[in-house]
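Have a look at the structure below before the remarks.
All of the numbers you see were taken from the coordinates with simple rules; none came from a lab. Fair warning: this is a prediction, and the values are worked out from it, not measured in the lab. Every residue, glycine among them, receives a Cβ derived from its backbone with ideal geometry; neighbour counts consider all protein chains shown.
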């Protein structure tokens, strides 16, 4: 396993930028009126019944998942807590900015809604890929997923499917915006995230060994 030589400043930049970009993508998904991702369906559904913002509900559910995962022997990293707190902050911030400045105007046609949906999916996928490439740790849902996988013996991917399905259905029953956009998001965001993971990476600091190797190579080429 190769040692991670990425400078911590770049890690923080990728992590926080990724979280902010992903939160911005949620604004486009919400304004598309075609349906949002499964967890936002759930958060918006819950927001219909309690006097908290969507970001605060995201933080609350994230904290609960971290605690459950921790109880199941999945120790959270500092990135897990940062993810839980700042994603909620960035989500509320982006929604407030949009409400104040009307940047993403309410959709008045199906074409505009589809464009918003596509932009939202692409932006979310890029944001998720960037924050994961920040390598500061898994998010709250990942901790919960791994903990439940450990207890039930089922594969993490299977647990994730159960989690997403339960969130979407429960959110819909609570009045959350489930729609064709939810399905489109589920089928495509992973591909965009993977492209980002492969192509938008933190530049690594060269090790002393690599520097010597490059120097020898350059000397050999010039002789």
Quiz prompt | Förster-model FRET efficiency, 25 Å R0, residue 155 and residue 73, C-beta, rounded to 0.05 | solution = 0.90
Quiz prompt | Helix axis angle, 8-32 relative to the chain longest principal axis, alpha carbon, degrees | solution = 30 degrees
Exercise. With a bin width of 5 angstrom, please list the P(r) values of the range 1-113 as percents of all Cα-Cα pairs, from the 0 bin to the one holding the largest distance.
Key: 2, 10, 17, 20, 18, 14, 9, 5, 3, 1, 0
Quiz item: Average projected area of the Cα convex hull of the range 86-207, in nm²?
Solution: 10.7 nm²
Self-check item: the range 9-63 versus the range 162-188: alpha-carbon centroid distance in Å
Solution: 14 Å
Self-check item: Efficiency of FRET from Cβ geometry, residue 97 and residue 9, R₀ 25 Å, rounded to 0.05
Solution: 0.45
Quiz item: Share of Cα-Cα pairs in the range 8-222 beyond 20 Å, in percent?
Solution: 62 percent
Self-check item: Stretch gain in nm, segment residue 17-residue 200, where the contour uses 0.36 nm per residue and the Cα spacing is subtracted
Solution: 64.7 nm
Exercise. Note the angle between two axes, namely the Cα long axis of helix 140-152 and the longest principal axis of the Cα atoms of the chain, as a number of degrees from 0 to 90, rounded to the nearest 10.
Key: 90 degrees
Exercise. Before rounding to the nearest 500, sum -39500 (n - 2.57) across all DSSP H runs of length at least 4 in the chain and divide by the residue total; then give [θ] at 222 nm in deg cm²/dmol.
Key: -25500 deg cm²/dmol
Practice problem: Could you tell me how many degrees, from 0 to 90 and to the nearest 10, lie between the Cα long axis of helix 78-101 and the main elongation axis, the longest principal axis, of the Cα atoms of the chain? | Solution: 60 degrees
Exercise. With a Förster radius of 22 Å, plug the Cβ-Cβ distance of residue 81 and residue 166 into 1/(1 + (r/R0)^6) and report the FRET value to the nearest 0.05.
Key: 0.40
